[in-house]
Amino acid sequence: MFSRKVLIMTTRDVVEKFFGLLAGGDPDKVAEVFADDIDWYVPGSASLPWTGPRTKRSEVADYFRTLGANIVPAKNVDDIEALLVDGDHAVMLGRFTRVAKGTGRTFMTPIAMHLQVAGDKIVKLHLYEDTLAVAEAYAE
């Protein structure tokens, strides 16, 4: 008889896996850490195609592809200041610096990202950022 070891991922494990996959730049791999049904919200101008709600894992990879097509990924600066975890909730605090591909403008926004985990999947992602700074960077 042999014993089976069960790997239990904590909220921190799942969120750190998400950020690691995000750094890897493969939208399909990033999507794998999300549940089939999700509560996703990225606020912003209706003129920015990556903003708004999403409800399915199948929409996650498209979000990152669309976002990636509208920024200069080589110039991304992600400054994560803190990752706070309480039960199945995590909040990441930091700052993103991006370059808008269409205008060439650089913008910086402080961010907070609220994530919720169930089992080994993310079920909620809400991003809070300076939506005015983002919209102004893309304004023609």
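Read-outs throughout are calculated quantities, based only on the coordinates presented, and are distinct from any laboratory measurement. Not measured: the values here are computed from a predicted model. With ideal geometry, Cβ positions are generated from the backbone for all residues, glycine too; neighbour counts draw on all protein chains shown.
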Q) Considering only the chain, what is the antiparallel percent among its DSSP beta bridges, to the nearest 5? A) 90 percent
(Q) Going Cα to Cα from Lys124, which lysines come in below 16 Å? Please leave out same-chain ones fewer than 8 positions away. (A) Lys17, Lys56
Q.
Which residue, Ala133, Val85, Phe64, has the largest displacement toward the positive end of the dipole of the chain when charges sit on each Cβ (Lys, Arg +1; Asp, Glu -1)?
A. Phe64
Q.
Below 12 angstrom from the Cβ of Trp40, what's the summed charge of the other residues (Lys, Arg +1; Asp, Glu -1)?
A. 0
Q: Please report, in debye to the nearest 20, how large the charge dipole of segment 11-138 is about its Cα centre when each Lys and Arg carries +1 at its beta carbon and each Asp and Glu carries -1 there.
A: 440 debye
Q: For Lys29, list the aspartates and glutamates whose Cα falls under 18 Å from its own Cα; do not include residues on the same chain fewer than 8 positions away.
A: Asp13, Glu16, Asp37, Glu59, Asp62, Asp120
(Q) Below 12 angstrom from the Cβ of Ala74, what's the summed charge of the other residues (Lys, Arg +1; Asp, Glu -1)? (A) +3
Q) Taking Lys75 as the anchor, which aspartates and glutamates have their alpha carbon closer than 20 Å to its alpha carbon, excluding any fewer than eight residues away along the same chain? A) Asp26, Glu129, Asp130, Glu136
Q. For the chain, what is one quarter of the convex hull surface built on the Cα atoms, given in nm²?
A. 9.3 nm²
